[in-house]
Amino acid sequence: MAQHPPVVIVGVDGSAESSRALRWAADYVTQLGGVVHAITVWHQPVQFGYRLATSDSDLEQRARRSLEDTIAPVRADYPNLDLKSRLLRGHVVDEMVGLSNQADLMVLGNKGHGAFTGMMVGSVALKLVHHSRCPVTVIR
């Protein structure tokens with residue numbers, strides 16, 4: 001039976017905590033082998049039953065820029081790292097739990113800011129620890 005390289009998914013929301021989580025995952029994969037998937041999940045927030053005035057395309061562009069800004073220095077510091085990035089639209093817990101089916105490890109920052117992504121706000125990291133289908137490492 002062929003072994004696949006370990007798959008490590010990292011929740012990235014542009015916060016310093018998610019940057020530390022991505023660097024931790026890069027170190028981990030550099031030592032043990034595998035591939036890192038940096039994941040940003042975005043959605044259109046609803047406040048008091050109303051959508052915000054920001055368009056979906058603007059929110060998606062901000063999320064994409066944040067993801068690219070977070071992974072660029074890691075790519076520079078780890079040129080041999082197999083690092084893939086993915087931007088998803090949806091609810092962060094649902095999307096990350098779904099991805100955990102295909103991962104060997106999930107790495108998260110202990111908190112984030114979630115201005116447009118909702119990543120790691122409040123109990124999100126805790127929910128992922130409890131519902132993920134793979135081991136989860138939370139970086140402080």
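The values are calculated or read from the model by the stated rules, or taken from the named source; none is laboratory data. Everything numeric here is computed off the predicted structure, so don't read it as measured data. Positions of Cβ are generated from backbone atoms using ideal geometry, with glycine treated the same way; all protein chains shown enter the neighbour counts.
Residue-wise test of (1) out of contact with any Lys or Arg (no Cβ under 7 Å at 6 or more places or on another chain); (2) surrounded by 12 or more Cβ atoms within 10 Å (Cβ to Cβ); (3) of a type in the set (Lys, Arg); (4) on the phi > 0 side of the Ramachandran plot.
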| residue | (1), (2), (3), (4) |
| --- | --- |
| His4 | yes, no, no, no |
| Val8 | yes, yes, no, no |
| Val12 | yes, yes, no, no |
| Arg20 | yes, yes, yes, no |
| Val41 | yes, yes, no, no |
| Gln44 | no, yes, no, no |
| Phe48 | yes, no, no, yes |
| Pro73 | yes, yes, no, no |
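Give, as residue ranges, the helices (runs of 4 or more DSSP H) completely inside the stretch 26-140 that count at least 2 residues that are at pLDDT 95 or above and among the polar types (S, T, N, Q).
Per the criteria, 56-77.
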